[in-house]
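The values are calculated or read from the model by the stated rules, or taken from the named source; none is laboratory data. Here the structure is a predicted model, which means the values were calculated and not measured. All Cβ positions, even for glycine, are placed from backbone atoms using ideal geometry, and neighbour counts span all protein chains on display. With ligands, DNA and RNA removed, areas are computed over all heavy atoms of the protein, side chains included. Shrake-Rupley method; radii C 1.70, N 1.55, O 1.52, S 1.80 Å.
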Amino acid sequence: SLPFCSEIIKLTLFLRGLRPRADLVHCWLLYANLAGAIAARLANIPLVVTSVRNIQSAVNYNYYDPRWQRALERATAPLANAITANAPAVATDYKAFARARADQVVTVPNGVDVEALHRLSAEERVCKRQALGLSPDDVVIGTVARLAKEKDFETFLRAVAGARENLPALHSVIVGEGPL
C-alpha cells in the first residue's frame, strides 16, 4: 500500500543519514522484515538479519492478509543475509514457506537462564500449591505467554482436557497478560 511504501522511503532516508553509517539492520517479524530489509538494501547497508517466530504454513489466525504475505516474504527473503528462527521446526517451515535458502536460515532458540532460577524448598512448594488450591498429589502443567489469540491457548486447553480423561489429578496454570 502507499502508506507502507512511504514508511520504507522514510526508513531508507533515515538509514542513509546515520553517522556513523550502520553496518547491520536487524528486523523483527513481518512488517519490520519487509520494510527493514528493503530500506536497508536501498540504503546500502551491508548486513541484514530478519526473523521468524511462527510456523507460517500453519497460521490460521493471521492478522496479516494471507493472500499477500507468502508472496511478499518470498520476494524479500533474498534481501536478508541471515534469517533467525526460534526453533528447528520454524526454520524448516520458513525455508519452504518463503523459499529461503537453507544456508540463510539459522536457529537461535529462545533461552532461559537456568542459573538465575532457584528451586523451591519443600515448604515453599507446599505453600505455593496451597495458594493455588492444589493438593500434594495434583499434577500441574503450565504455560507462560502473552495472552493473545496467536499463542493458541485453545490447543493447550484441548490437550489438557484430553489428558485429564486419563489423569484426573491434572491441573493447568496459564501465566501472562494480554487481550485474552
Self-check item: Filtered residue count, the range 133-146, keeping only those that are under 16 Å from GLY178 (Cβ atoms) and either among the hydroxyl-bearing types (Ser, Thr, Tyr) or surrounded by 14 or more Cβ atoms within 10 Å (Cβ to Cβ) (or both)
Solution: 2
Quiz item: Any idea how many residues of the range 122-132 are open to solvent by 100 Å² or more (accessible area, probe 1.4 Å) and either in contact with a helix residue (DSSP H, G or I) (Cβ under 6 Å, 6 or more places away or on another chain) or among the acidic types (Asp, Glu) (or both)?
Solution: 1
Quiz item: Among the residues of the range 107-121, how many are more than 13 Å from THR84 (Cβ to Cβ), assigned to a loop (DSSP other than H, G, I, E, B) and either open to solvent by 100 Å² or more (accessible area, probe 1.4 Å) or of a type in the set (Asp, Glu) (or both)?
Solution: 5
Quiz item: Are any of the residues in the range 155-174 open to solvent by 70 Å² or more (accessible area, probe 1.4 Å) and in contact (Cβ under 8 Å) with a residue 60 or more places away in the chain?
Solution: no
Quiz item: Would you say GLY133 is over 30 Å from VAL52 (Cβ atoms) and out of contact with any Lys or Arg (no Cβ under 6 Å at 6 or more places or on another chain)?
Solution: yes
Practice problem: Identify the residue in the range 10-42 that is assigned to a loop (DSSP other than H, G, I, E, B) and touching a Gly at 6+ places or on another chain (Cβ under 9 Å) and, among all such residues, is nearest to ALA82 (Cα to Cα). | Solution: CYS27
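Residues checked against (1) of a type in the set (A, V, I, L, M, F, W, C); (2) modelled with pLDDT of 95 or more; (3) surrounded by fewer than 17 Cβ atoms within 10 Å (Cβ to Cβ):
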| site | (1), (2), (3) |
| --- | --- |
| PRO3 | no, no, yes |
| LYS10 | no, yes, yes |
| ARG16 | no, yes, yes |
| VAL25 | yes, yes, no |
| LEU29 | yes, no, yes |
| LEU42 | yes, yes, yes |
| LEU47 | yes, yes, yes |
| ASN54 | no, no, no |
| SER57 | no, no, yes |
Practice problem: Only one of these is in contact (Cβ under 8 Å) with a residue 24 or more places away in the chain and in a helix (DSSP H, G or I): GLU124, GLU7. Name it. | Solution: GLU7
Quiz item: Is there a residue being polar (S, T, N, Q) and touching a helix residue (DSSP H, G or I) at 6+ places or on another chain (Cβ under 7 Å) anywhere in the range 108-115?
Solution: no
Self-check item: Matching residues, the range 83-106, being surrounded by 12 or more Cβ atoms within 10 Å (Cβ to Cβ) and assigned to a helix (DSSP H, G or I)
Solution: ALA89, VAL90, ALA91, THR92, ASP93, TYR94, LYS95, PHE97
Exercise. Looking only at the range 110-130, decide whether some residue is of a type in the set (A, V, I, L, M), modelled with pLDDT under 95 and touching a strand residue (DSSP E or B) at 6+ places or on another chain (Cβ under 8 Å).
Key: no
Quiz item: So which pairs qualify, if the first residue must be in the range 76-103 and of a type in the set (Phe, Trp, Tyr), the second must be open to solvent by 20 Å² or more (accessible area, probe 1.4 Å), the Cβ gap must be under 6 Å, and the two must be at least 6 apart or on different chains?
Solution: PHE97/GLN56; PHE97/SER57
Quiz item: How many of the residues making up the range 148-180 are under 27 Å from VAL126 (Cα atoms), within 20 Å of the chain's Cα centre (by Cα) and assigned to a loop (DSSP other than H, G, I, E, B)?
Solution: 2
